[in-house]
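Peer 1: Pasting a structure here, questions to come.
The values are calculated or read from the model by the stated rules, or taken from the named source; none is laboratory data. All figures in this text were calculated on a predicted structure; none of them were measured in a lab. Backbone-built Cβ (ideal geometry, glycine too); neighbour counts: all protein chains shown.
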Amino acid sequence: MTSCHVAKEPIKKVAIFGGTHGNELTGVFLVKHWLTNGAEIQRTGLEVKPFITNPRAVEKCTRYIDCDLNRVFNLENLGKRMSENLPYEVRRAQEINHLFGPKNSEDGYDIIFDLHNTTSNMGCTLILEDSRNDFLIQMFHYIKTSLAPLPCYIYLIDHPSLKYATTRSIAKYPVGIEVGPQPQGVLRADILDQMRKMIKHALDFIYDFNEGKEFPPCAIEVYKIIEKVDYPRNESGEIEAVIHPNLQDQDWKPLHPGDPVFVSLDGKMIPLGGDCTVYPVFVNEAAYYEKKEAFAKTIKLTLSAKSICSSFH
Amino acid sequence: MCALPTPWEPLRRVAVTGGTHGNELGGVYLVRHWLQAPGELQRPSFSATPILANPAATAVCRRYVDQDLNRTFTNTFLTSKAAPDDPYEVTRAQELNQQLGPKGSDQAFDFILDLHNTTANMGTSFILEATRNLFPEATFSMHLCRYLQLQSPELTYSILEYQAPGETNGLPSVAKNGICLEMGPQPQGVLRADIFSRMRALVASTLDFIELFNRGTAFPAFDVEVYRILDSVDFPRTEDGHLAGTVHPQLQDRDFEPLLPGAPIFKLFNGKDVLYDGDSTVYPVFINEAAYYEKSVAFLKSRKLTVSVPALPALTAAPTLAP
């Protein structure tokens, strides 16, 4: 008889996705390595499947072929009639949903880790899609504690209009893993090592959980997205100002209304404005120029989780 | 290939090219800015022409469409008969050769400054392409580098000499004199304000130097360290050619620092180290440049040597100012 508040089903099926964006190389090469030598990611009693989600984009070392795979896993796209005319990534999303989902059903994978890199100076980042998920809050708490003193930040994208239909969202427990800074098309050993450690701690947590360990109530600091900010542009849509040197590389650091955020090509400084302190993330991410996002504003929150344990014990 | 003499007339026809690789954004944004506001490129004795070298690649933010433009300025490509199914960059190289060349002729532009970025930690570097000897071909460009260094003595600028096997093939080689300005680290598809403003200041100082020369300034001989590129080292690969590891943490970001035999250069995915097995110290550059993975280059080896640059004599005739 346990004192645990929330008993959860043991975890059986875990997937690790790499290459959702074909030029974010850490996930690509970790998954390729684990496909030939998977010892490191095996845990007794757990099925852990590494998988390359966008092989054509990986082949061309580009983010995507037709459209961003990590934005198309909504029910509308997943339900479209299969046809040659569908964008490659939508067809691929349907295949992935069939293999690892279906989304919103009981048959899908329990956990999917989706590996990403960013050109932003975000360090080790875990991405949470649901602020009330005790299991994932506990997992993230465990990973963050295990990685210390290496910082690990938690980005909460639970926002009605800003949240997006990720590849990993077909699992019961979707986990985004984002490590930067790393240029597109470059594989850095230090970044690879950090991502590898994050996965190791995540799998250790799942194993401990399945073995019956009880995780007491915990709290984590998270950064919740509130708004995306585009670059200043002219009438033709061309970028007229760049991220100010004071903001460049300062992801997660407090940004105040009077602080510089952009500097125009003719030298004018543009401040944040508004009336509250925010914490910027995805500052100067290469892939977001076309998505009209120079950085995202977040606010700091604390999320709590009840104690959890596996219902099997 | 005849050696080009040092200029004996003022330099009138100068080009600053950006977007030779469409995802190296420093040059792209500078050229776009100058096309709308060219005042910055004007000097009393000449005006520099801003050119977006690879517009199609720039439009899709990729290095190239069909082939690397900055390897396409060879005699073969430049003189081949134009065909509708030519690679985009061959057609473009021929257009640029018309506008800025013809390469090797007396009608060619006097000087091309070609703007580049790298994902490697190379700070501010100048790349000279030479067929055999650096001098007298590169005398003018070497004096330019010296002038730029003296303007900012607290910063480290590096000069790389690349000896083309056979003929030169880069964009600057179309003009009588030319140089690549390479700044990093900056990811492809990213514009960093610090790199952008430093690149802009270097272009301004370059034009100031040309103006000084045009006004009859003489520049004395000097000695300088250059890095002469030797050969390249590929990533460790599996039997089927895929990456088996990447640049070792102890080599990453250490461009221009001495690499000794026995030092680690790669970390394999299985955790093992690969050590440098050369028999002498080399100076690695372009360490972990994104665009070089497909060229099978993890880094380039270079030798550091001191070269004696001959004096750049003053123009004897008083220059006439541009109308």
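Peer 1: Would you check if there is a residue in the stretch B:53-68 being surrounded by fewer than 22 Cβ atoms within 10 Å (Cβ to Cβ), among the polar types (S, T, N, Q) and within 14 Å of another protein chain (Cβ to nearest Cβ)?
Peer 2: Scanning the stretch B:53-68, I find no residue that is surrounded by fewer than 22 Cβ atoms within 10 Å (Cβ to Cβ), among the polar types (S, T, N, Q) and within 14 Å of another protein chain (Cβ to nearest Cβ), so the answer is no.
Peer 1: Under 9 Å between Cβ atoms, which residue pairs at least 6 apart in sequence (or on different chains) link something in the stretch B:183-198 that is without any contact (Cβ under 8 Å) to a residue 60 or more places away in the chain and within 7 Å of chain A (Cβ to nearest Cβ) with a partner that is assigned to a loop (DSSP other than H, G, I, E, B) and of a type in the set (S, T, Y)?
Peer 2: So the pair list comes out empty.
Peer 1: Can you tell me which residue is modelled with the lowest pLDDT among those in the stretch A:1-32 that are surrounded by fewer than 14 Cβ atoms within 10 Å (Cβ to Cβ) and of a type in the set (D, E, K, R)?
Peer 2: Checked the stretch A:1-32; the qualifying residue modelled with the lowest pLDDT is A:E9.
Peer 1: Could you check how many residues of the stretch B:288-314 are under 21 Å from B:G241 (Cβ atoms) and aliphatic (A, V, I, L, M)? Step through it out loud before you land on a result.
Peer 2: The first filter runs over the stretch B:288-314 and keeps only residues under 21 Å from B:G241 (Cβ atoms), leaving B:288-300.
If we keep only those that are aliphatic (A, V, I, L, M) as well, we get B:290-291, B:297-298, B:300.
So the count comes out to 5.
Peer 1: For the stretch B:152-170, which residues satisfy the criterion of being more than 21 Å from B:I195 (Cβ to Cβ) and either in a strand (DSSP E or B) or in contact with a His (Cβ under 8 Å, 6 or more places away or on another chain) (or both)?
Peer 2: Result: B:E161, B:Y162, B:Q163.
Peer 1: Do the conditions hold for B:Y29, that is, is it part of a helix (DSSP H, G or I), of a type in the set (S, T, Y) and within 14 Å of another protein chain (Cβ to nearest Cβ)? Break it down stepwise before answering.
Peer 2: Values: part of a helix (DSSP H, G or I): yes; of a type in the set (S, T, Y): yes; within 14 Å of another protein chain (Cβ to nearest Cβ): yes.
Taking the combined requirement at face value, the residue satisfies it.
Peer 1: If you go through the stretch A:161-202, how many residues are more than 14 Å from chain B (Cβ to nearest Cβ), part of a loop (DSSP other than H, G, I, E, B) and touching a Phe, Trp or Tyr at 6+ places or on another chain (Cβ under 8 Å)?
Peer 2: So the answer is 4.
Peer 1: Still on this structure, I have one more. Across the stretch A:66-104, what is the number of residues that are surrounded by fewer than 17 Cβ atoms within 10 Å (Cβ to Cβ), among the aliphatic types (A, V, I, L, M) and closer than 26 Å to A:T26 by Cα?
Peer 2: The qualifying residues number 1.
Peer 1: Can we say A:R196 is of a type outside the set (V, I, T) and under 16 Å from the mean Cα position of the chain (by Cα)? Lay out the reasoning, then the answer.
Peer 2: On the way: of a type outside the set (V, I, T): yes; under 16 Å from the mean Cα position of the chain (by Cα): yes.
When the stated conditions are applied, A:R196 passes them.
Peer 1: Given (1) buried (at least 16 other Cβ atoms within 10 Å of the Cβ); (2) at pLDDT below 95, where does B:P187 come up short, assuming only one miss?
Peer 2: Exception for B:P187: condition (2).
Peer 1: Could you list, in sequence order, all residues of the stretch A:203-231 that are surrounded by 17 or more Cβ atoms within 10 Å (Cβ to Cβ) and in a loop (DSSP other than H, G, I, E, B)?
Peer 2: Within the stretch A:203-231, just A:Y231 meets the criteria.
Peer 1: For the stretch A:239-265, what are the residues that are of a type in the set (G, A, S) and not in a loop (DSSP other than H, G, I, E, B)? Walk me through how you get there before you give the answer.
Peer 2: Applying the first criterion (of a type in the set (G, A, S)) to the stretch A:239-265 yields A:241, A:258, A:264.
Across the stretch A:239-265, the qualifying residues are A:A241, A:S264.
Peer 1: Additional query: Of everything in the stretch A:271-313 that's within 12 Å of chain B (Cβ to nearest Cβ), outside any loop (DSSP other than H, G, I, E, B) and touching a residue at least 12 places away in the same chain (Cβ under 8 Å), which residue is nearest to A:D251 (Cα to Cα)?
Peer 2: Selected residue: A:A286.
Peer 1: Which ones in the stretch B:258-295 are in a loop (DSSP other than H, G, I, E, B), more than 14 Å from chain A (Cβ to nearest Cβ) and within 23 Å of the chain's Cα centre (by Cα)? Break it down stepwise before answering.
Peer 2: Filtering the stretch B:258-295 for residues in a loop (DSSP other than H, G, I, E, B) gives B:258, B:260-263, B:269-272, B:276-281, B:286-289, B:293-295.
Cutting the leftovers down to more than 14 Å from chain A (Cβ to nearest Cβ) gives us B:258, B:260-263, B:276-281.
If the condition is that a residue be in a loop (DSSP other than H, G, I, E, B), more than 14 Å from chain A (Cβ to nearest Cβ) and within 23 Å of the chain's Cα centre (by Cα), then B:P258 is the only one that fits.
Peer 1: Could you list, in sequence order, all residues of the stretch A:33-56 that are surrounded by 20 or more Cβ atoms within 10 Å (Cβ to Cβ) and either at pLDDT below 95 or within 14 Å of another protein chain (Cβ to nearest Cβ) (or both)?
Peer 2: A:H33, A:W34, A:I41, A:P50
Peer 1: With (1) hydroxyl-bearing (S, T, Y); (2) buried (at least 22 other Cβ atoms within 10 Å of the Cβ); (3) in a helix (DSSP H, G or I) as the list, and B:T91 as the residue in question, which single condition is left unmet?
Peer 2: (2)
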